[in-house]
Each structure stands twice: as C-alpha cells, then as structure tokens.
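The values are calculated or read from the model by the stated rules, or taken from the named source; none is laboratory data. Being a predicted model, the structure only gives us computed values, none of them experimental. FYI the Cβ positions are ideal-geometry reconstructions off the backbone, even for glycines, and counts take in every protein chain you see. Note: areas computed on protein heavy atoms with side chains; ligands, DNA, RNA excluded. Shrake-Rupley method; radii C 1.70, N 1.55, O 1.52, S 1.80 Å.
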Amino acid sequence: MNASTVSAVSSVFIAFQDNEESRPVVDAILADNAQASATYPPGLVKINAPGRLVIRRETIEEQTGQRFNLQQLHVNLVTLSGYIDEDDDEFSLSWQH
Amino acid sequence: MDAPVIKKKLGLKDRYAAMTRGLAWDTTYQPMEKVFPFDQYEGIKIHDWDKWEDPFRLTMDAYWKYQGEKEKKLYAVIEAFAQNNGQLGISDARYVNALKLFIQGVTPLEYYAHRGFAHVGRHFTGAGARVAAQMQSIDELRHYQTETHALSHYNKYFNGMHQPTQWFDRVWYLSVPKSFFEDALSGGPFEFLTAVSFSFEYVLTNLLFVPFMSGAAHNGDMSTVTFGFSAQSDESRHMTLGIECIKFMLEQDPANVPIVQKWIDKWFWRGYRLLTLVAMMQDYMLPKRVMSWKESWEMYVEENGGALFRDLARYGIREPKGWKEACEGKDHISHQAWNTFYSYGAAAPFHTWIPKEDELQWLSEKYPDTFDKYYRPRFEHLREEQKAGRRIYNKTLPMLCNTCQIPLLFTEPGDPTKICHRETEYKGEKYHFCSDGCQHVFEDEPEKYVQSWLPVQQIYQGHCFKPGVDPTAEGFDPLLAVLDWYGMNVGRDNFDFEGSEDQKNFATWRGDPAPVSATAAQQGAQS
C-alpha cells in the first residue's frame, strides 16, 4: 500500500429499521466499536464507522439475556457497505485498502 | 430456532460449503459447454469456481426462515395501514405521485430483475454463484409482489395507478427504465451481474431505498417505508453478490480487468441516468423532506462509492468514466427533470406542480450555488403563467437520447445554460445523445442500440395508435390518440395537481377546506 492510499480512511456503515428488535444490536455495536456513531433519519438507524465495524453475538446476548443468531440481522437490516466477514460469533464490515 | 440440517455442530462457514457446493455436479453424457453455453462467450476467464464465496453464507433453510419472518412483519404493517385508512394520514396528496412513479417505473424492474437472475442462476457453472443468483431471483419476485400489494391500496383511492405494466411497455418516460433492464438482460451473464448487482445495486440503489424510503416514513406512509426497507434488506445481500462477483472476476484472471472496467463504465453511466427519476422524486415529490438529492449523492455515491473504488484500485480498476460529470450533475438533474415533467404533464399519468414558496426556499438552501441562479426564476415564471391561466403544457415531441432514451434535457458539463447534444453517424443514419457517456455506450455497441425502441420515433411512425385509428381523419389529435393507446384516463390521470380529482378527493376525505378551484390551471391543457 503506498502513501497516497493510506491517507484516506474509508467509512463503512450499516443501517437497520429503527425498532425494538434493532435496539440491542445497535447498543452492542456502539459498545464494541468506540469510533462508531449512530444517526437516526426517519424510520432508520444508520451507524457509520471509519475503516471497520464489528457486531458480536456475545455482546447482543449480554444486552438481552437471550440467545441471538447473527443471521437474525437480516430481518431488520436495511443496508450496509464494505466487505462482509461473518461466522457464528462475529459479523464485520471493512475495506481492504 | 434453525432446523437441524447436515450436522448440528458444523459452523456457519462449513455448513454453507456443505449446503451449496454439494449441489453441483459435472455432466457426463453431454459436454458441460453444451449444458452451460453462456458463461464463457463474453471472454471472462474463470479458472476455479470454488473460489467464489457468498460472504453472507445464507443457506436455503435460513433464507426461508428469515424471509418468512420479514414477510409476516411486512404484511402486518400493510394490513394495519389499510384497516386504519393510512392513506389519509399522509402529509399531502401530492406525495402519492411519487408512488405512481414507483409502481410505473420501479416495480416492473423488480420483475425484470427476477427474470434476469433466474436466467443467470441457471447458466453459471459455479454452484456458489448459482445459489446466490437463485435466491436473488426469488427476492426480486417477492419485491414485485409486495410492492404491488402495498400500492394496490392506494390504487383504490387515487388515479394514475391502474395499469402500470401496460404503461411500462408504452409510456414515453417508462422506456427509460425498461430499456435499461432490457439492455442488461440481453447482455451475457457476467455483464448482467456487473450491470445490476454491482453498478446498480451496490453503487446506486441506496439512493432510492434509503433516503427516499426514509422520506416515505417522514410523510406518514408506513406501508411504503416497510416494503422499501424489507426490499432493501434483501438488497444488502444483493450488494454483497455484486461486489463478490466483481472481486471474483478480477481475481480469477488479469485478462478480465479491462472487460470489467468497460462494463463498470457503461453501467455506472446508464444507472446514473436512470436515477434521474429518483432525484426528482426526492427533491420535488416528497412534501416533507429528509435530505436533498445532492446530500444523498454525496453520502452514498461520493463517499461510499469513493471508498469502494479506492478499494478496487488494487486490481487496477479506476472510478467509472463519467464519474466527475455525474458528481457535477448532483446540483442540476432533479431540477431539470422536474421542469421537463411539469412541461409534459399532459402526457404523463401522474400530476406535477410548481413547488410552494417554502419548498422553493428549501431548494435554494440545499442548492446554494445553482438553484436561485438557474432554476428558481424558471419556476417563478411558470407559476406566474399558471396564475394567469396559461399553464404551460408542451405538446411538441422532444429529441431523445438513443442510449438512455431520456429527452435531451440535460446541460453541458460546465455550462448549465446550454443543452448538451452529441451526434454519431452510423451506416448513413444520425443518432443523437444527451451526453458523452451515452454516446460512448452507443459507439461501443452500435448494432445493439440501433434497435432501440424510441417512443418519439415510434409515435411519428404511427405505431402508437390503437388499431383502426385514422390519422388522416379531420380533427385528428395525435396526442389524444397516443394517450388512448397508453390507456390513460385523460383529465383524471394527467395535468396539474391543482384542480385534480386526487386533490379534491383527498381534501374531502380529510375534511380539509376545499382547494381553490383551479380551472385556470387546467385551461392551458385545452388551448
């Protein structure tokens, strides 16, 4: 990677419908990603983060006291950007440059 | 709870591999290239289909489970909306015209996308790509159905929604989205994915399904926002399919890079032109506004798309040709398009209007460099004319771009006072274009685009009248004959919002004061 490409940190984002099911997910993202910030346009919650954002199953389960399958994200997901890496415990978004 | 499939202890990645790769086999009594004739002829070289990974790793069982949940939520909202007469809670009946454009111009594209993905899902030799494309095909059919169901409620109360599929095939401005998808469907499978999954879905659809749908919520339309977000949650998977497809092609063979770059150039420009409709919906058709087209463009295209192309630079991919012109256009296209539809409001099955003063003010604030200088004076002039009983309805037919099929309404890069017009001569015929981008697309595949079905040319050739119509008869009105062939209800579906049946009905149902009679607004149509 050369100097000119290092300077620009691209943001990733993920957005959910703004409802009760999304709330623990959003709280978990904000707890696990210090640099993430949430905005609330009507109907939506959109979370931006520079470079990378991770969603951890365990943190969501701590929030709710219930088991959570990360693929449940699909139900309230609206949009996202960046490359996805997903396994049973973590779902992350990042750019590779 | 997930249904137990394969072995309970397999992790997500192993489970996905077992549930997709195991679905493929090599043919034995027929050669593979005879069974899969399409995935090689575009010149894309694939050496190892097993390198294809669908990052979401959604297997069919999980897909049905979560789609089923989404569907239940969606229909609960749609039903509640209908039972509660939700159409009366929207901000303003003008808003419904955005839904008319949606059912006319967007919903049929979902059906085309369904067909396209069913086709490529059958024809890729790689199982991972096939599974992803088949799921997307089902998604797109679901979108077509849910949008139609949700909007059918509005069709009971408002004009301009009664035959969107016939309009999609016939009405002049709907040839813009139609030709986009027919161009993509008649490309090869890799070009189709680049066009639809990557350029359209990854780079551009956020603009429709996020700020516009958020706008629907803001305007009290919970039914639309719910189908919009429900569709867009599938788009998240479609976007990952698009980016995976691009990465996969680029990583398989360096010879694929120039082919992919050419498609990215073409389909970014075509998609950008198509989204003109969305720009106009967002800036002019949402009575309560969330963000401007320009702000959305900056957020989703310049920032997010910029990140994407910086990322793809490692493969030797650059940002699409026309990127700079498109970014310059964020200040102009919504205003130029609305002005055009306002002028052609007699020939379109939805209503148009001059924005109210506070709306013009909002546009001035959102477009400080351009609106007051180039567009406000135009709208003020048209408003004065309308007040004086001279509502302008243009009855001449415009010159169309042979590629995107939009009338030549856009201006020169760097000069918003001059209409952009390009020409190419091919086999003794002249072809006209709205931009360098559209001209380049034509010149690269002229044999494809000389076949374009251009509404204006077709009208002039007499192909847009009902059987038995005699254009030589005395008093023949070609415009009325064309609208009759469209299946439009003249006087109900078209003309200005002021004085329309929609406006009067909405005020009556809500118990609002009756709108001021707008006979003046309609007079222009009769003259």
Residue within the stretch A:48-66 that is surrounded by 14 or more Cβ atoms within 10 Å (Cβ to Cβ), farther than 23 Å from B:PHE309 by Cα, at pLDDT below 95 and within 13 Å of chain B (Cβ to nearest Cβ) present: no
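Within the stretch B:180-188, does at least one residue satisfy the condition of being hydroxyl-bearing (Ser, Thr, Tyr) and open to solvent by 10 Å² or more (accessible area, probe 1.4 Å)?
Let us first name the residues in the stretch B:180-188 that are hydroxyl-bearing (Ser, Thr, Tyr), namely B:186.
Next cut, open to solvent by 10 Å² or more (accessible area, probe 1.4 Å) only: B:186.
For the stretch B:180-188, residues hydroxyl-bearing (Ser, Thr, Tyr) and open to solvent by 10 Å² or more (accessible area, probe 1.4 Å): present.
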Number of the condition not met by B:ASP331 [criteria: (1) surrounded by fewer than 23 Cβ atoms within 10 Å (Cβ to Cβ); (2) outside any loop (DSSP other than H, G, I, E, B)]: (2)
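Check B:GLU79, B:GLU140 and return the single one that is free of Cβ contacts under 8 Å to residues at least 12 places away in the same chain and of a type in the set (Asp, Glu). Even if it seems obvious, please write down each step before you answer.
Numbers: B:GLU140 fails: free of Cβ contacts under 8 Å to residues at least 12 places away in the same chain.
Within the list B:GLU79, B:GLU140, the selection yields B:GLU79.
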Among (1) more than 10 Å from chain B (Cβ to nearest Cβ); (2) over 13 Å from the mean Cα position of the chain (by Cα); (3) assigned to a helix (DSSP H, G or I); (4) of a type in the set (S, T, N, Q), the one test that A:GLN72 misses: (1)
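Which of the helices (runs of 4 or more DSSP H) found entirely inside the stretch B:274-328 contain at least 2 residues meeting this: open to solvent by less than 10 Å² (accessible area, probe 1.4 Å) and either within 13 Å of chain A (Cβ to nearest Cβ) or more than 25 Å from B:LEU109 (Cα to Cα) (or both)? Break it down into steps so the answer makes sense when it comes.
Details: elements: B:276-284, B:293-296, B:306-312.
In the stretch B:274-328, B:306-312 are the helices (runs of 4 or more DSSP H) which contain 2 or more residues that are open to solvent by less than 10 Å² (accessible area, probe 1.4 Å) and either within 13 Å of chain A (Cβ to nearest Cβ) or more than 25 Å from B:LEU109 (Cα to Cα) (or both).
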Qualifying residue in the stretch A:73-91 (condition: open to solvent by 20 Å² or more (accessible area, probe 1.4 Å) and polar (S, T, N, Q)): no
Residue match in the stretch B:422-438 (condition: surrounded by fewer than 17 Cβ atoms within 10 Å (Cβ to Cβ), in contact with a Lys or Arg (Cβ under 7 Å, 6 or more places away or on another chain) and under 19 Å from B:LEU397 (Cβ atoms)): yes
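Go through B:TYR16, B:TYR95 for me and flag whichever is within 14 Å of another protein chain (Cβ to nearest Cβ), in a helix (DSSP H, G or I), open to solvent by less than 40 Å² (accessible area, probe 1.4 Å) and at pLDDT 95 or above.
On the way: B:TYR16 fails: at pLDDT 95 or above.
Matching residue, one of B:TYR16, B:TYR95: B:TYR95.
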Which listed residue is at pLDDT 95 or above, away from chain A (no Cβ under 14 Å) and farther than 26 Å from A:GLY43 by Cβ, from B:PHE117, B:PHE124, B:PHE158: B:PHE117
Filtered residues of the stretch A:11-55 (kept if farther than 23 Å from B:VAL77 by Cβ and part of a helix (DSSP H, G or I)): A:ASP27, A:ALA28, A:ILE29, A:LEU30, A:ALA31, A:ASP32
Unmet criterion (only one of (1) open to solvent by 20 Å² or more (accessible area, probe 1.4 Å); (2) within 13 Å of chain A (Cβ to nearest Cβ); (3) without any contact (Cβ under 8 Å) to a residue 60 or more places away in the chain) for B:PRO258: (2)
Residue count, the stretch B:74-92 (criterion: crowded, with 18+ Cβ neighbours inside 10 Å and over 25 Å from the mean Cα position of the chain (by Cα)): 2
Breaking point among (1) part of a helix (DSSP H, G or I); (2) open to solvent by 50 Å² or more (accessible area, probe 1.4 Å); (3) touching a residue at least 12 places away in the same chain (Cβ under 8 Å); (4) more than 14 Å from chain A (Cβ to nearest Cβ), for B:GLU33: (3)
Residues located in the stretch B:19-30, provided they are surrounded by 10 or more Cβ atoms within 10 Å (Cβ to Cβ) and either of a type in the set (A, V, I, L, M, F, W, C) or touching an Asp or Glu at 6+ places or on another chain (Cβ under 9 Å) (or both): B:MET19, B:THR20, B:ARG21, B:LEU23, B:ALA24
Residues being in a helix (DSSP H, G or I) and touching a Lys or Arg at 6+ places or on another chain (Cβ under 8 Å) - total across the stretch B:252-273: 6
